[in-house]
1. Quick one: how many residues across the stretch 215-233 are over 28 Å from the mean Cα position of the chain (by Cα) and open to solvent by 50 Å² or more (accessible area, probe 1.4 Å)?
2. Output the residue which, of all residues in the stretch 356-371 that are aliphatic (A, V, I, L, M) and outside any loop (DSSP other than H, G, I, E, B), is surrounded by the fewest Cβ atoms within 10 Å (Cβ to Cβ).
3. Which one is surrounded by the fewest Cβ atoms within 10 Å (Cβ to Cβ) among residues in the stretch 54-87 that are among the aliphatic types (A, V, I, L, M) and at pLDDT below 80?
4. Pick out the one residue from V189, V242 that is touching a Gly at 6+ places or on another chain (Cβ under 6 Å), open to solvent by 40 Å² or more (accessible area, probe 1.4 Å), under 28 Å from L126 (Cβ atoms) and modelled with pLDDT of 90 or more.
5. Say whether the condition of being at pLDDT below 80, touching a Ser or Thr at 6+ places or on another chain (Cβ under 8 Å), over 16 Å from A250 (Cα atoms) and of a type in the set (A, V, I, L, M, F, W, C) is met by at least one residue in the stretch 402-420.
6. Would you be able to tell me the number of residues in the stretch 226-248 that are among the β-branched types (V, I, T), in contact with a helix residue (DSSP H, G or I) (Cβ under 7 Å, 6 or more places away or on another chain) and in a loop (DSSP other than H, G, I, E, B)?
7. Please enumerate the residues belonging to the stretch 123-141 that are surrounded by 16 or more Cβ atoms within 10 Å (Cβ to Cβ) and more than 30 Å from the chain's Cα centre (by Cα).
8. Which is open to solvent by 60 Å² or more (accessible area, probe 1.4 Å) and at pLDDT 90 or above, of Q183, Q206, Q248?
Amino acid sequence: MSVLGRNGLGFIFVKTAITRNPQKQLNQQTKDGTPSIPERIRISCEQLGPTFVKLGQILSTRTDIIPASVSRELQKLQDHVSPFSFDLARELIETELQDTIENIFLDFDKKPAASASVSQVYSARLHSGDHVAVKVQRPGVLSLIETDLAILQKLARFVDKHTKYGKLYDFEGMVNELKRVMQQEMDFVHEGENIDRFRTNLSGQQRVSAPKVRWIYTTSKILTMDYVDGIKISDIASLNAVGANKPQIARDFIDSMIHQILIDGFFHADPHPGNVMITHSGTQIEFIDLGMAGQLGGRFREQLSDMILGLATQNVRKVGQTIMDMDLANANVNQRQFYKTLGGLLDEYLYKPVGGVNVAQVFYSVFMLASEYKMKVPAEFTLVAKALGTMQGIIEDLDPKTSILDVARDTLAKLETSTLRSKRFKDGLHSGVTDLVDLAKSVPAFFLNLMRKSEENDFAVEMRVKDLDKLEQSMERMVNRISFTIILLAVCIVMAGVIIAIGYQAGALESPMLYELSLFALRAGLIIAVLIILGLLFNIIYTNVKKP
């Protein structure tokens with residue numbers, strides 16, 4: 001709140017609450033050269049530290065959620081964060097690698113090539129002459145992130161417990177997912193392993209690659225890899241200057257991301273323009289910064305493939321069935337009503353040309369609809385939606401005519417064709433046919449044996465009721481308790497009759513002996529009744545304890 005007040009943002013919440021028009025507040029012109037509201041939001045994220053810078057980076061690509069003016073300003077967080085001093089970088093490098101910079105590197109540029117929320121990158125040359133990028137973690141950033149995440153967790157728990165939104169969204173789960181991702185991003189060894197795995201997966205794709213990690217110069221806080229000297233994929237002017245084929249780059253970018261998500265199950269979860277470079281030849285895509293990577297299971301990939309195909313073929317029922325299959329809460333959904341609501345929601349998308357469909361907006365709408373029906377989609381869905389939303393924003397600037405759904409459909413068609421032609425599929429098909437032949441051979445013998453048994457009167461059908469023993473035990477306990485109750489009632493009636501008779505006789509004859517006898521009968525009846533009640537309680541407790 002101190003940071004927001006210092007940057008003049010505190011008033012915006014009050015004005016927005018009164019006018020209920022945040023767009024108007026964000027687009028107001030400033031006077032005397034003071035920063036605009038989007039600029040103040042970006043400055044506040046920088047001052048709040050790496051956790052909020054990361055949130056700003058994520059939001060910068062979500063034009064379906066935030067205004068375009070704020071999105072453009074937050075994009076500057078991607079590689080324009082204020083750098084820390086070279087002296088701090090030198091100290092950390094020499095401590096981690098246990099040698100001086102001069103002994104490790106032939107040449108080291110003191111000016112950072114890029115400065116990000118959790119690290120900054122320097123250009124250097126090894127003594128072998130290889131050009132490398134040295135990524136250095138910001139000093140003290142780990143403890144700061146842990147503090148920020150702890151604050152966000154407390155806020156998320158409060159919202160989940162005390163607001164209506166907490167019943168629809170798992171805010172604490174979202175913060176925990178952010179925590180997991182950021183902890184991985186803070187471990188550069190983990191990032192190096194991601195790059196190696198990613199580089200191996202990309203080896204089968206044309207015009208797409210990732211840098212090679214130099215493990216001998218890598219620790220948990222220092223990452224050294226091949227230097228990528230290229231153009232940001234969002235720098236349209238520079239791409240035009242080198243004569244790059246932007247439609248081809250757009251298709252290669254989409255094809256690679258779809259391949260990563262739906263086929264490899266391991267994808268770049270933060271493909272913002274600062275992490276995707278085009279070589280100066282204008283033909284090769286280089287993915288960098290794998291600190292945030294997503295991993296998907298086979299079942300979820302199949303569901304996601306069905307959903308994307310449903311969108312591409314304008315099949316509302318297929319999309320709806322996929323959403324229900326994804327549901328982790330097993331919500332009791334009225335399918336007819338759900339399909340009707342989904343159809344109305346997707347009308348504005350599915351009756352457009354496929355090229356005009358905003359995939360990020362569709363995913364966001366699906367997420368909101370699932371929440372309304374108390375369905376819980378996997379956390380991976382949000383990560384995939386974020387990656388596709390980031391990609392959509394880049395493609396719209398790079399080549400607006402290229403359709404993500406068209407490329408995705410072509411990629412999946414190629415996958416199906418290659419799968420049908422693969423040796424593994426043919427071997428599986430051969431095994432399945434063999435099993436069917438064996439089954440066909442055994443059917444005549446089975447029916448012949450069945451007919452013989454029926455002719456010999458040796459044919460019986462045995463039926464078993466599930467949990468019949470438990471049912472018998474329950475019936476026995478119930479009958480016992482009813483019996484005890486009847487006996488208790490009978491004793492009470494008899495004793496009441498005896499007491500009334502004796503009392504009447506004692507009053508008529510004015511006999512003290514009969515009066516004492518009536519009191520004795522009353523006590524005896526009460527004792528017997530208590531014993532029967534205790535027996536009934538013992539039976540109930542004993543049978544419940546004995547119950548398996």
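1. The total comes to 6.
2. Let us first name the residues in the stretch 356-371 that are aliphatic (A, V, I, L, M), namely 357, 359-360, 362, 366, 368-370.
From what's left, outside any loop (DSSP other than H, G, I, E, B): 359-360, 362, 366, 368-370.
Values: V359: 22, A360: 23, V362: 24, V366: 23, M368: 12, L369: 18, A370: 23.
So, considering only residues that are aliphatic (A, V, I, L, M) and outside any loop (DSSP other than H, G, I, E, B), the one surrounded by the fewest Cβ atoms within 10 Å (Cβ to Cβ) is M368.
3. Applying the filter and picking the extreme gives A68.
4. On the way: V189 fails: touching a Gly at 6+ places or on another chain (Cβ under 6 Å).
The conditions single out V242.
5. Checked the stretch 402-420: at least one residue is at pLDDT below 80, touching a Ser or Thr at 6+ places or on another chain (Cβ under 8 Å), over 16 Å from A250 (Cα atoms) and of a type in the set (A, V, I, L, M, F, W, C).
6. 1
7. If we filter the stretch 123-141 for residues that are surrounded by 16 or more Cβ atoms within 10 Å (Cβ to Cβ), which is where we start, we get 123-124, 126, 132-138, 141.
Once the filter is applied, which keeps residues that are surrounded by 16 or more Cβ atoms within 10 Å (Cβ to Cβ) and more than 30 Å from the chain's Cα centre (by Cα), the stretch 123-141 yields S123, A124, L126, V132, A133, V134.
8. Numbers: Q183 fails: at pLDDT 90 or above; Q206 fails: at pLDDT 90 or above.
One residue alone meets the criteria, Q248.
The values are calculated or read from the model by the stated rules, or taken from the named source; none is laboratory data. If you're wondering where the values come from, they're calculated on a predicted model, not measured in any experiment. Glycine also receives a Cβ, built like all others from the backbone with ideal geometry; neighbour counts cover every protein chain displayed. Surface areas here come from the heavy atoms of the whole protein model, side chains and all, with no ligands, DNA or RNA. Shrake-Rupley method; radii C 1.70, N 1.55, O 1.52, S 1.80 Å.
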